[in-house]
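Encoded as structure tokens, the structure appears first; notes follow it.
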Amino acid sequence: MSSVTFVTHEGESHEVPLDDDRSLMQIAVDNGVPGIDGDCGGEAACGTCHIVVDPAWTDTVGMSTEVEEEMLAMNPERHPTSRLACQMTAAEKWDGLVVQVPEFQM
Amino acid sequence: MTMKTLSQTIISTMRSAGDSVQSAAEAAQSALPMNVLLRGAQLYDKTRRMVTGDDKIFTETPIPPAADVALADIDLSNPFLYRQGRWAEYAERVRNEAPVHFRPESPFGPFWSVTRHADIITVDKNHEVFSAEPFIIIGEPPRFMDVAMFIAMDPPRHDQQRAAVQGVVAPKNLREMEGLIRSRVREVLDDLPTDRPFNWVQDVSIELTARMLATLLDFPYDQRRKLVEWSDLAGSMEQANGGQSDNDEVFRGMLDAAKGLSALWHDKAARRAAGEEPGFDLITMLQSNEDTKDLIDRPMEFLGNLILLIIGGNDTTRNSMSGGVLALNRFPDQFEKLKANPDLIPNMVSEIIRWQTPLAYMRRVATCDTILNGQFIRKGDKLVMWYASGNRDERVFDRPEELIIDRKNARNHIAFGFGVHRCMGNRLAELQLRILWEELLPRFENIEVVDEPEYVQSNFVRGISKLMVRLTPKAEVS
Ligand code: HEM
Ligand code: FES
């Protein structure tokens, strides 16, 4: 089965099943990954699903979009490869993806 | 007052207002130019009121049941709806019968009410079409309160200003503050009377909020109640939101705030210059940031930013602290559930904030013609996003009137708003409430509300002004 790994700011890894066609935020919330709250339910309007993509994966999953920038721009822990997980629909080829969960979630 | 004395008064008032404006220019470089700026603006406002004969706008009269009123006549801006316990039924009617509802006249002019959770998110997210400028309350504050606050600015100006202060609520900073907040909560709780009823609002909610704000600003601890006083005055103006403060009183309060806050700034600068370690407070943060280290030279912006944090953190956390106790009394089975499982505290905190929704709304203005849920909104129209209604939306929350401390989607509440203005203090507020309940549970078996609560007059703040409770301490385990 394919999987995605969330690494918390404390360095704990959470490897969870990757269901395609669902957002990474939904996957994280459903599997109880700590640090991702998804307060706005996936509207790119709260910034509580902030993750940082391993640079090796950016070609596959892409960089942040304009709508994500609205919330990301204000975050002091923003990285060049920061994304809002709710705006990332998982795909089969994402199997093995690793993302960091920064402590600062807005 | 006879005509003669009235006009004389106006003339002399105008003259002194003029003097103030002049001296404002002269004093621009002095230590306290904002005093002068404020005074000029206040005199302007006072003069205008005298000329137009404005007096008190609101007198309380009983509000009929929502079912007896035609839909078109419903005015959600009535500042007595919440106090009279009618808010929920009125909002429910609008939400279900005309979710984007136009009110052509009100003491605050015509406005649209946006009442469903989904529509509110649509508006809150789209700052290009729905501007937060110039104010986020339904009416207009008096001129001297036009201080520059980023809550009422659109990007990019908003983002720059918020970025300068956002760090004060960074997780690392909150961890630093947690210990101090907890010990201050303990002191307050250990001193509460257990042999007689007392007012929870005064002795707990206000006191704890004052302590939290003093921590956030590193404000002189023994003067912490001043922060509450200033914020209360600034947050309850009649023309702004139907509140009760008298303009002269507000003005005196703002003058006092301007003095107190600039003294705080200069004192901090002096202590840092003398080698004191940097703190984790807001002033240190502003003084260490390239963009804001000279903020004191931009008085209206300086005052605006500080007042925003003080107001933002005052009524809101206070009324969540009172609202939690009230809600657990209204739904006693939830109190039992909590005692059986204290791990529910974090989720309960979100649910309390949803249930109370301390700020009823934020206001926006349409920047172009647009359609919202089938309604045609014209450029320049005022829209009020009723968070208090969104948090009762049956489409999102099951049995929305009830407090359910293990509600699955409690965190989807809209009380902090969404989009670029989403509450900056949300994590601090949650922290503060979590600590309160973590410290209450081991101390008290019961917190019983013994009298009907009293509520605040406002269409903006959903406030509880008096909540008499009696505590039952936990039996001593020896
Ligand atoms: C339960 C407690 C609180 C509630 C319900 C609350 C609610 C809100 C709401 C509704 C907004 C506007 C959101 C929007 O326009 O979309 C807001 C903004 C804000 N709040 Fe809070 N607040 C709370 C606590 C605090 C605290 C403790 C602070 C102090 C640090 C604070 C500081 C702010 C600031 C600075 C803004 C402006 C953010 C911006 O415009 O970017 N709030 N809050
Ligand atoms: S869930 Fe709110 S921004 Fe992603």
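Quick look at the numbers
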item	result
Anchor B:Lys466: aspartates and glutamates whose Cα lies under 13 Å away (excluding residues fewer than 8 positions away in-chain)	B:Asp203, B:Asp451, B:Glu452, B:Glu454
Electrostatic dipole magnitude of region B:129-208 [Cβ: Lys, Arg +1; Asp, Glu -1; Cα centre; debye, to 20]	260 debye
Sequence-distant residues sharing a close amide H with B:Phe444 (under 5 Å, placed H)	B:Lys474
Karplus-derived 3J(HN,Hα), 6.51/-1.76/1.60, for each residue of region A:4-18, Hz, glycine and proline x	10, 10, 9, 10, 6, 5, 8, x, 7, 9, 10, 9, 10, x, 9
Cleavage-rule hits (GluC sites (Glu not before Pro)) in region B:73-129: DSSP loop, at most 15 neighbouring Cβ within 10 angstrom	B:Glu105, B:Glu128
Entries in B:Lys226/B:Lys268; B:Lys125/B:Lys382; B:Lys172/B:Lys259; A:Lys93/B:Lys408; B:Lys337/B:Lys408; B:Lys337/B:Lys474 that, when Cα-Cα distance is taken, lie over 25 Å	B:Lys172/B:Lys259; A:Lys93/B:Lys408
Cα-based convex hull volume of region A:6-106 per residue, rounded to whole Å³	88 Å³
Under 5 Å, built H, 5+ apart or other chain: amide partners of B:Phe111	B:Arg103
Protein-only accessible surface order, largest first, of B:Tyr82, B:Tyr90 at 1.4 Å	B:Tyr82, B:Tyr90
Percentage of interatomic Cα-Cα distances in region B:3-473 larger than 32 Å	42 percent
Extreme residue, positive dipole direction of region B:3-473, given options B:Thr215, B:Leu471, B:Val204 (C-beta unit charges)	B:Thr215
Selection from B:Ala263, B:Tyr82, B:Pro64 lying farthest towards where the dipole of chain B points positive, charges on Cβ	B:Ala263
Dipole in debye (nearest 20) - chain B, about Cα centre, beta carbon charges: Lys, Arg +1; Asp, Glu -1	500 debye
Cα gyration tensor shape for region B:272-386, rounded if a/c is under 1.5, else prolate or oblate	oblate
Dipole magnitude of the protein assembly as shown, debye to nearest 20 (Cβ charges: Lys/Arg +1, Asp/Glu -1, about Cα centre)	1520 debye
At most 14 other Cβ within 10 Å, DSSP loop - trypsin sites (Lys or Arg not before Pro), region B:279-387	B:Lys293, B:Arg378, B:Lys379
Hypothetical label at B:Arg434: residues of region B:333-352 whose amide nitrogen lies under 20 Å (7 Å Cα-Cβ projection)	B:338-352
Most to least accessible of B:Ile311, B:Ile405 (protein chains only, probe 1.4 Å)	B:Ile311, B:Ile405
B:Asp190 accessible area, assembled protein chains, probe 1.4 Å, Å²	100 Å²
Farthest toward positive dipole pole in region A:3-100 [+1 Lys/Arg, -1 Asp/Glu at C-beta], among A:Ala28, A:Ile51, A:Ala85	A:Ile51
Shape of the protein assembly as shown, Cα gyration tensor, a/c cut at 1.5	rounded
Sequence of B:Ser183, A:Ser3 when ordered by accessible area, the most exposed leading, probe 1.4 angstrom	B:Ser183, A:Ser3
Solvent-accessible area of A:Cys40 with every protein chain in place, 1.4 Å probe, in Å² to the nearest 10	10 Å²
1.4 Å probe accessible area per residue over chain B, in Å²	42 Å²
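The values are calculated or read from the model by the stated rules, or taken from the named source; none is laboratory data. Just so we're clear, the structure is a prediction, and the values are computed from it rather than from any experiment. Glycine gets a Cβ as well: all are built from the backbone with ideal geometry, and neighbour counts include every protein chain shown. Quick note on the areas: whole protein, heavy atoms, side chains included, nothing else; ligands and nucleic acids left out. Shrake-Rupley method; radii C 1.70, N 1.55, O 1.52, S 1.80 Å.
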